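Some notes on the structure that comes next.
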Amino acid sequence: MLENEGFEKKEFDSQADVYVINTCSVTDNADKECRQLVRRIQRRSPESLVVITGCYAQLKPKEIAEIPGVDLVLGAAEKFNLPLHLKELSKGDSAKICSCDIDEVNGFHSSYSINDRTRTFLKVQDGCDYNCSFCTIPMARGKSRSDSIENVLSNVREVVANGSKEIVLTGVNLGDFGKGPNGDKEDAESFFELVQALEKMEGVERYRISSIEPNLLTNSIIEFVANSNKFMPHFHIPLQSGSNKILGLMRRRYKRELYAERVGLIKKLMPHCAIGVDVIVGFPGETEEDFNETFNFLHSLDISYLHVFTYSERANTKALDIKPVVPINTRHERNKKLRNLSYMKMQYFTQQHEGQTRKVLFEGHEKGGMMEGYTDNYIKVTVPHKAEWVNQVISWKL
Ligand code: SF4
């Protein structure tokens, strides 16, 4: 949007007229990080405008506006009007806040990443109607809204014209795709219909589905991916806990049995498929026994890697009422145990494919004379840099 208004993108650490900090509410210490960045900007360029946007800006606009050096705070809806706000903004003493109540946020703004020509992240859905007891995302992003299939296809055409070979479909609750731009069209379209339409698009080599809730990853979607040449054999499915007691306290919409069924079907149809798992440790009420249940469950599942998150308290969430809290050092110990398990899972998954020839899409970034790429099933491959391999799919023996 800003480039269309004549702005030129600069590295964050160089001189610029405007600095935009996009904050995250999932990250711990969003407030502290934001303060540090603003201080850095002030030292380097005291006259520049500083705009703060993103989830944390929606959740805590006043706190952010009080940070010395901030000129504008934009909430979830207003961030899309950034060019307009900049026209009216001048360096002043106090920050302007443009944010509305999250319940009033409507409409869908599609976007895709353009930094890396090899892989493009395409946003097709935003917001979430679930109410997991630990999560602030629905308060920061609003209700579940989606692009239309027609618009997604048109974005895909643009992405392909830019030369990108792989498109990663993203959303806050991706599997809930289809409720329309205002979130009021219950099941107008569906994620399954979206993937079917995408499969028919000419010119796309690869799609990946980013993260999808286990209850929304239906058997039809799994079977479809198993028979597709374009959707890569790779799923990322949040589990969060392997204990049904904790899943209930978290207000997740499935039990561990359903999760195991999904993994079982995926591996039956695609034994080579990569499966990534999100898991939270140290959720309130998680006893040693509950944690061991999670550990043993993950150990028994045929999965490839874990993303382990240590639970941390978030304002205005239901989880704050759940007792007893888990001591911080116990949370960290559990995190370490699961990270070790993840390392072993990843090693095992990679070893299983040793000697196989798989298709690797190589990326442009060169580091120490080497280049990287990923196989269809998300195994990272590092080879000496060859310019002619950049953004090409190459058959490679692992
Ligand atoms: S489904 Fe995901 S985004 Fe939605 S409330 Fe639960 S954790 Fe948050």
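The values are calculated or read from the model by the stated rules, or taken from the named source; none is laboratory data. Owing to the predicted nature of the structure, the values given are computational and were not obtained by experimental measurement. All Cβ positions, glycine included, derive from the backbone under ideal geometry; neighbour counts span all protein chains shown.
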Those residues of region 160-198 which are in contact with a strand residue (DSSP E or B) (Cβ under 9 Å, 6 or more places away or on another chain) and under 18 Å from Val393 (Cα atoms), in sequence order
Val160, Asn162, Ser164, Lys165, Glu166, Ile167, Val168
Kindly indicate which of Ala76, Ala95 is surrounded by 14 or more Cβ atoms within 10 Å (Cβ to Cβ), small (Gly, Ala, Ser), closer than 21 Å to Arg35 by Cα and out of contact with any Lys or Arg (no Cβ under 9 Å at 6 or more places or on another chain).
Ala95
Please verify whether Ile149 is more than 16 Å from the ligand (Cβ to nearest atom), more than 23 Å from Asn391 (Cβ to Cβ) and in contact (Cβ under 8 Å) with a residue 40 or more places away in the chain, treating the condition exactly as stated.
yes
Across region 112-141, which residue is surrounded by the most Cβ atoms within 10 Å (Cβ to Cβ) among those that are within 16 Å of the ligand (Cβ to nearest atom), hydroxyl-bearing (Ser, Thr, Tyr) and more than 16 Å from the chain's Cα centre (by Cα)?
Ser133
Within the group Ser94, Ser154, which residue is away from the ligand (no atom under 16 Å from the Cβ) and assigned to a loop (DSSP other than H, G, I, E, B)?
Ser94
Scanning region 28-63 for residues that are farther than 28 Å from Asn4 by Cα and not charged (D, E, K, R) gives Asn29, Ala30, Gln36, Leu59
The residue that is farthest from Lys230 (Cα to Cα), considering only those in region 157-192 that are within 16 Å of the ligand (Cβ to nearest atom) and assigned to a loop (DSSP other than H, G, I, E, B), is Gly183
Report yes if Leu239 is more than 18 Å from the chain's Cα centre (by Cα), at pLDDT 95 or above, within 16 Å of the ligand (Cβ to nearest atom) and not in a loop (DSSP other than H, G, I, E, B), otherwise no.
no
Ile21 vs. criteria of a type in the set (Val, Ile, Thr), touching a Gly at 6+ places or on another chain (Cβ under 8 Å), closer than 30 Å to Glu372 by Cα and surrounded by 18 or more Cβ atoms within 10 Å (Cβ to Cβ)
yes
Do you know which of the residues in region 308-324 that are over 14 Å from Leu249 (Cα atoms) and modelled with pLDDT of 95 or more is farthest from the chain's Cα centre (by Cα)?
Thr310
Kindly indicate whether Glu78 is touching a residue at least 40 places away in the same chain (Cβ under 8 Å) and acidic (Asp, Glu).
no
Out of Val263, Val325, Val279, report the one residue that is within 16 Å of the ligand (Cβ to nearest atom), surrounded by 14 or more Cβ atoms within 10 Å (Cβ to Cβ) and among the aliphatic types (A, V, I, L, M).
Val279
I'd like to check something: does region 198-212 contain any residue that is of a type outside the set (D, E, K, R), within 11 Å of the ligand (Cβ to nearest atom) and surrounded by 16 or more Cβ atoms within 10 Å (Cβ to Cβ)?
yes
